[in-house]
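Notes follow once the structure below has been shown.
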Amino acid sequence: MEEKLVTLVVLPYSKAHIFKMMLEEKGVNCELEDIYLIQGETSATVRIKILEKDIPRAVHELEEFLGAKVSIATQEESSSLKQILVPVDFSEASKKAARLAVDIATHLKADLVFMHSFINPIIHSVPYSDIYAFDSSTLFKIEHAEKTANEDFQTFIQELSTEVGDEVWKSVETYYIIKSGYPEEDILAYARKNRPLLIVVGSGGDNYPHGIVGSVTADIMYNANVPVLVIPKNAPEKKVTAFNNVLYATNFDEKDFVAIDKLLDLLQPFEMQLTCVHVGQPRQNGWDLARLEGMREVLQKKYEKRNFNCQLLEGNDVLNSIEEYIKNSEVDLLSLTSHKRNMISRLFNPSIAREMVFHSNTPLLIFHA
C-alpha cells in the first residue's frame, strides 16, 4: 500500500524552496504544492508535503529552520527584518489585531507575516519509537486538522483583505506560515531567529480553552525578544494615526531609556504625545519629582523635535493610579518593559484584570529589557 503524503508546514514561497533543499539534503523527499489564499492573486504560499514515516526527522529540521533551536548565544546576532509578525487564532480579537497590523505595516513600510499553529494528532500525541503502531483513525485526524486549519486560515485572510480594502492590502507584502505546533513556542522561535520589528497579537480570543490572555499572549509578552503589541478584544477600533497619547510607566530603571528609544523609533512616523508617569508615595514626592524632571531633560535633549510630558501620580496602588489616569486622560496606548513582571502579572491576573477598565480597553506595548 502506497504511503500517503501529509502536510508538514505551509511557508512563504522563498522559504519553502530553501527548506525543501534542506530536507532533501537530509534524505527526506518532499513535494511542494501552491496555495491560493486570495482568489486572483499569484501564489506566494506553498504547502510542503512529506511521507508520514519522515515526520520525526522533518519536524526536527523544521524547528531548526524556523528558529526553535537557536541558541541563546546567537539570538541577538540575527539582524532585524522589516517585518511585523501577526499570530492568528481566527478569533475576533485576532482579526482586530490583524487589521491594526496591516495599518501599521503601511506606515512603517514593513512586510506582514501571518502565522497560525494547529495541533497535529500524530506529532503531538503519538510517541515515536523503532516500532510504529498504525492507527487507522490517525490519518483521518491528521487530514482533518490540516484541512480545518487551512480552510479557517483562508477564510480569515480573505475576510481581512476585504475589510482593509483592496488598495491597502496590495500595498503591503504579505507572507503566511501554517504549521502544526504550539502557538507560543512557534511565535517565540520565529521571533528569536528573524527578529521582526513588532509582534501584534490579540488578547481575549475565543479559540483557546482558557483564553489567550492567560496563556499564549502572556507567554509571548514575558519572553519575546522584540516589542509586542497586545490588542484587547474590547479595545476601541481605530487607525494607528488616531493614536495620539502614549503612556509609558516608569520605575526609574536604567532599562527604561533603552525601551523609550525603541518606543520612539517605532512611533517615529506618527505624531504621538509621549507621557512618562511614575506612581509614588506622597512622602517621596521631592525625590520622585527630581528624577522625573531629570528624565524629561535627558529625553528632550536627545529628541529635540519631540515634546515630553513627565508626571508623578500619587497613590499607594500602582495599577489603580494608572487606571484612573488612563480613564481621565484618554490614553490610546500603555507601554511597559518586560522586566516589570510583577506589574504585568497583576495586570493580566484573571481574578483582578478582568474587572479593570484599562485592561479590557487599552492596547499594551511591551518591550523586552
Note to self: Among the residues of segment 304-315, are any in contact (Cβ under 8 Å) with a residue 40 or more places away in the chain, under 31 Å from the mean Cα position of the chain (by Cα) and open to solvent by less than 30 Å² (accessible area, probe 1.4 Å)?
What the structure shows: no
Notebook entry, point to check: Identify, please: which residue in segment 224-239 is open to solvent by 10 Å² or more (accessible area, probe 1.4 Å) and farther than 22 Å from residue 319 by Cα and is, among those, modelled with the lowest pLDDT?
Noted result: 225
Notebook entry, point to check: If you go through segment 286-308 one residue at a time, do you hit one that is touching a Lys or Arg at 6+ places or on another chain (Cβ under 7 Å) and of a type outside the set (D, E, K, R)?
Noted result: yes
Notebook entry, point to check: Could you list, in sequence order, the residues of segment 324-349 that are within 16 Å of residue 280 (Cβ to Cβ) and either at pLDDT 75 or above or among the β-branched types (Val, Ile, Thr) (or both)?
Noted result: 324, 325
Next item on the list: Give the residues of segment 150-189 that are surrounded by fewer than 17 Cβ atoms within 10 Å (Cβ to Cβ) and hydroxyl-bearing (Ser, Thr, Tyr), sorted by residue number.
Entry: 155, 162, 171, 182
Next item on the list: Report, by residue number, each residue of segment 179-206 that is closer than 20 Å to residue 237 by Cβ, at pLDDT below 85 and in contact with a strand residue (DSSP E or B) (Cβ under 9 Å, 6 or more places away or on another chain).
Entry: 203, 204
Next item on the list: Determine if segment 145-156 includes at least one residue that is at pLDDT below 90, of a type in the set (Gly, Ala, Ser) and over 29 Å from residue 14 (Cβ atoms).
Entry: no
Notebook entry, point to check: In this structure, is residue 209 more than 18 Å from residue 115 (Cα to Cα), buried (at least 16 other Cβ atoms within 10 Å of the Cβ) and at pLDDT below 90?
Noted result: no
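The values are calculated or read from the model by the stated rules, or taken from the named source; none is laboratory data. Note that the coordinates shown come from a computational prediction; the quantities given were computed from them, not determined experimentally. Because the Cβ atoms are built from the backbone with ideal geometry, glycine has one as well, and the counts that use them run over all protein chains shown. Side chains included, ligands, DNA and RNA excluded: accessible areas come from the protein's heavy atoms. Shrake-Rupley method; radii C 1.70, N 1.55, O 1.52, S 1.80 Å.
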